[in-house]
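Below you'll find the structure, written out as structure tokens, and then a few comments.
Values in this text are rule-based calculations from the coordinates and carry no lab data. Since we're looking at a predicted model, the values are computed, not measured. Cβ sites come from the backbone with ideal geometry, for glycine too, and all protein chains shown count toward neighbours.
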Amino acid sequence: MIIAANLKTNLTRKQTTDYVAELESYLKTNNITQEVLVFPATSSLNPHAGDVIIGAQNAYATQNGAFTGEIGLDHLNEFEIKTILIGHSERRHVLGETQEELVKKFNFYKDLGFKIIYCIGEPLEKREAGKEEMMKYISAQYEGIDTSYENLIIAYEPVWAIGTGFTPTLEDIEAIHTDLKEKSTAPLLYGGSVKVTNAKEVLALQNVDGILVGSAALYAEHFCTMIQYAQDLQK
Ligand code: 13P
């Protein structure tokens, strides 16, 4: 399974180094065979050799150039990063990235063979508008995206479940994952208020191939517990 930590705007470079070292040690000591990904803040990226895959939370669709505040391929290459998160709800809704911009970014990093974790998910008003409206909204997030890209992982993260402590019911997660699997056979992660207390049940669901964890992953010990759940499930 795929167990991913999105550290967002948390953990300094020193804290991230210690965090990743703790994960590496856990993976080795416990013979973990799961795919473990960590997305540090951009300024906390470091060269890394080990089993944990380090990815970028964001980068611009460029090698380099005049894009103030952004980083490009040159900066990812410096740390040998070949994994990127695209379409996270905070980038769509807080930073205002449009589907068109995301498609451009997707194609740029796809052409370079990057592993792409592409995030989708609906805001609360779309969920409350009924299944048809909700699926229409989510389907639009697939527009322009090559859903058969071999290095694609999709993360379903309902916007209203991110950082709120609310999650869909297990039945709802399973139902939507089943629908989403019809759009793409890529591995499909669930994200949104996954914690030590609910990760085991979520991971056990059919059509859930892993989890993308935010706040609860900031504690290496908690994240390792979730990794262990996945290992024990032997899915
Ligand atoms: P939380 O786990 O804090 O809800 O965040 C989920 C998320 O956005 C992961 O990308």
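Observations on the model:
- Taking 14 Å as the straight-line reach from the Cα of Lys8, the aspartates and glutamates in range (excluding those fewer than 8 positions away in the same chain) are Glu90.
- Look at the dipole of the chain built from charges on Cβ: of Asn6, Ser193, His88, the Cα furthest out on the positive end belongs to Asn6.
- Label zone of Glu125 (point 7 Å out along Cα→Cβ, amide N under 19 Å): in segment 85-100 this covers 89-99.
- Dipole size of segment 57-191 about its Cα centre, with +1 on Lys/Arg Cβ and -1 on Asp/Glu Cβ: approximately 140 debye, rounded to the nearest 20.
- Sum of -39500 (n - 2.57) over DSSP H runs of 4+, divided by residues of the chain (222 nm, nearest 500): -11000 deg cm²/dmol
- For segment 1-90, the Cβ-based charge dipole about the Cα centre amounts to some 120 debye (Lys, Arg positive; Asp, Glu negative; other atoms uncharged).
- Computed over the Cα atoms of segment 51-121, pair by distinct pair, the Kirkwood hydrodynamic radius stands at 12.4 angstrom.
- Scaled against 2.2 N^0.38 Å for its residue count N, the alpha carbon radius of gyration of segment 11-55 is 1.10.
- Sites count as exposed loop sites when they are GluC sites (Glu not before Pro), lie in a DSSP loop, and have at most 10 other Cβ atoms within 10 angstrom; the longest stretch of the chain without one is 151-235.
- Taking 25 Å as the straight-line reach from the Cα of Lys28, the lysines in range (excluding those fewer than 8 positions away in the same chain) are Lys14, Lys82, Lys115, Lys195, Lys200, Lys235.
- Charged side chains reduced to their Cβ positions (Lys and Arg at +1, Asp and Glu at -1) give the chain a dipole of some 280 debye around its Cα centre.
- Quotient of C-alpha Rg and 2.2 N^0.38 Å, computed over segment 1-121: 1.06
- In the frame of its principal axes, the chain has Cα extents of 45, 44, 30 Å, reported largest first.
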